[in-house]
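One structure is given here, and the rest of the page talks about it.
The values are calculated or read from the model by the stated rules, or taken from the named source; none is laboratory data. Just so you know, these numbers come straight off a predicted model, no measurement behind them. Quick reminder, even Gly has a Cβ in these numbers, built from the backbone with ideal geometry, and neighbours come from all protein chains shown.
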Amino acid sequence: MARYYFDIHDGAEFVRDEEGFEFDNLEAAVQAATHSAAEIGQDRLVKGDFSDVVIEVRDEHYQKVLTVTASMRINRHHPLPEPSHPESA
């Protein structure tokens, strides 16, 4: 088992993980970080916050090993005007 630390950049706020989590391997840590970023993003969407969620994962030597970024983008497209229909006579 290896210990990984999930530091969260949540908008202007930074939360450093001082305790960490134990995982069998790096891939398990990737899956957990991805799931965490998605959950945080979902909670923020409910509040109308569309900013990125970034989780930096450090290993047991406190070295950054990966970064997970969850982004939500909304592009609004104005509908084309409906064609006018001649009225039946």
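Just checking, how many residues over region 1-30 are surrounded by fewer than 12 Cβ atoms within 10 Å (Cβ to Cβ) and over 22 Å from residue 74 (Cβ atoms)?
Going through region 1-30 one residue at a time, the tally reaches 11.
Within region 38-81, restricting attention to residues that are of a type in the set (D, E, K, R), in a loop (DSSP other than H, G, I, E, B) and more than 17 Å from the chain's Cα centre (by Cα), which residue is surrounded by the fewest Cβ atoms within 10 Å (Cβ to Cβ)? Please lay out each step first, then the result.
First, pick out the residues of region 38-81 that are of a type in the set (D, E, K, R): 39, 43-44, 47, 49, 52, 56, 58-60, 64, 73, 76.
Retained after the next criterion (residues that are in a loop (DSSP other than H, G, I, E, B)): 47, 49, 52, 59-60, 73, 76.
Okay, now just the ones that are also more than 17 Å from the chain's Cα centre (by Cα), so 59-60, 76.
Working: 59: 16, 60: 12, 76: 4.
Ranking the candidates gives 76 first.
Under the condition of being more than 13 Å from residue 56 (Cα to Cα) and part of a strand (DSSP E or B), which residue from region 10-37 is modelled with the lowest pLDDT?
Among residues in region 10-37 that are more than 13 Å from residue 56 (Cα to Cα) and part of a strand (DSSP E or B), the one modelled with the lowest pLDDT is 13.
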